[in-house]
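Down below is the structure, laid out as structure tokens.
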Amino acid sequence: MHPPGGTEYFYFMKTKHLPERTIALWFDHHIAHFVIPSHDQWMIESVESDYERKEREPGQKDDVADFGRNRISNNEYGKHNRLRNELKDYYKSIEDRLVKAENILLFGPGTAKDELFNLLMENKSFDGKRISVESADKMTENQLIAFADNYFTAKA
């Protein structure tokens, strides 16, 4: 288990020499696993987001908040803004870690990788960098490394 918003490092199997500025990133809206070649082995750095889908606003009952006689709101606007800001901060922290890389592989389930890809394409810091997007299910650390290793050695 990773600490909320924390970082954990793992070192795994040996790899062929890859360019130092190569990063693979498996992630969804809740956790990011950076798979980074380091000398002759892979390093995994994991970072959790603060994104929470079902957190209730203070004073909220069930899925609505009662504001008195005949006035009820489900706080959808406030929830949406809070979640959007949490994702924005999460994606910004990922962008900051990827900015020095030249070869980037984004992979994982769902839409998060595509959302991040679109943000990176809008950021001029990523002009001229090789960014690829691949679909992948949830993986163990060894599977993450094997996926990244196979992808980058096939491209070398």
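The HN-Hα couplings worked out from phi for the range 77-82 by the Karplus form 6.51 cos²θ - 1.76 cosθ + 1.60 (θ = phi - 60°) are 5, x, 4, 4, 5, 4 Hz, whole numbers, x standing for Gly and Pro. In this Cβ point-charge picture (+1 for Lys and Arg, -1 for Asp and Glu), the range 91-135 has a dipole of about 160 debye about its Cα centre.
Taken together, the values in this text are just the output of simple stated rules run on the coordinates, not laboratory data. On a predicted model such as this, the values are computed, not experimentally measured, just so you know. Don't worry about glycine lacking a Cβ; one is built from the backbone with ideal geometry, like all the others, and counts go over all protein chains shown.
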